[in-house]
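Working notes, structure below.
Derivation of every value follows stated rules applied to the coordinates shown; laboratory data play no part. Everything numeric here is computed off the predicted structure, so don't read it as measured data. Here the Cβ is made from the backbone with ideal geometry for all residues, glycine too, and neighbour counts use every protein chain on show.
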């Protein structure tokens with residue numbers, strides 16, 4: 001199971017958009033890679049629809065989507081078609097057909113205490129260099145929070161761009177945390193700065 005900071009395991013798989021190699025798909029883009037327990041299930045349908053409806057947001061943030069479940073490609077295609085017919089929502093992102101569970105096992109998406117044949121609701125946010133940056137796990141009976149996935153993605157990208165950290169409940173537009181000084185000289189500079197100082201090690205600034 002990959003951990004934060006690990007290189008995302010590479011794989012080739014059959015998906016609803018054709019055969020893909022993950023490292024090629026990931027190259028130059030962030031990827032939100034997420035698993036769901038099964039096709040034609042109610043919670044999964046709401047979640048996949050939620051991702052599909054946010055395609056413009058993810059595209060604007062240089063982020064590709066990829067789903068997965070332990071179902072055949074024929075089941076995936078039938079489900080995509082059924083959801084589009086019933087709701088008008090099309091899952092345009094690739095969905096991995098992981099019938100042999102090889103990718104699920106590679107990414108630790110199977111939790112034996114919950115099920116040995118259905119993936120839990122895992123989310124991996126992977127940066128353009130192929131590094132795993134964030135993990136989220138939900139049980140089959142609890143749907144994910146799309147607002148939090150989007151917030152976490154923006155936070156990671158903002159942190160990378162500005163070399164900062166995000167405080168509790170950070171939202172775009174809020175002040176960010178500046179790294180603590182590591183020398184006496186840097187401490188003196190901080191004390192004379194216009195940063196919002198809570199203490200010498202905790203200071204915030206607007207972007």
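For the reader, a short list of remarks on this structure follows.
- For the pair region 48-96 and region 158-203, the centres of their Cα atoms are 39 angstrom apart.
- Residues in region 62-97 reached by a label modelled at residue 161 [backbone nitrogen below 17 Å; 7 Å Cα→Cβ]: 62-64
- Global form of region 95-149, assessed from the alpha-carbon gyration tensor, a/c cut-off 1.5: oblate
- Cα gyration tensor shape of region 1-135, rounded if a/c is under 1.5, else prolate or oblate by comparing a/b with b/c: oblate
- Per-pair calculated FRET efficiency, R0 = 41 Å: residue 197 and residue 1 via Cβ, rounded to 0.05: 0.55
- Shape call, region 131-207: gyration tensor on alpha carbons, a/c limit 1.5: prolate
- Highest-first arrangement of 142-153, 116-127, 186-197, 22-33, where packing means the average Cβ count within 10 Å: 116-127, 22-33, 142-153, 186-197
- Percent antiparallel among DSSP beta bridges (both partners in the chain, rounded to 5): 70
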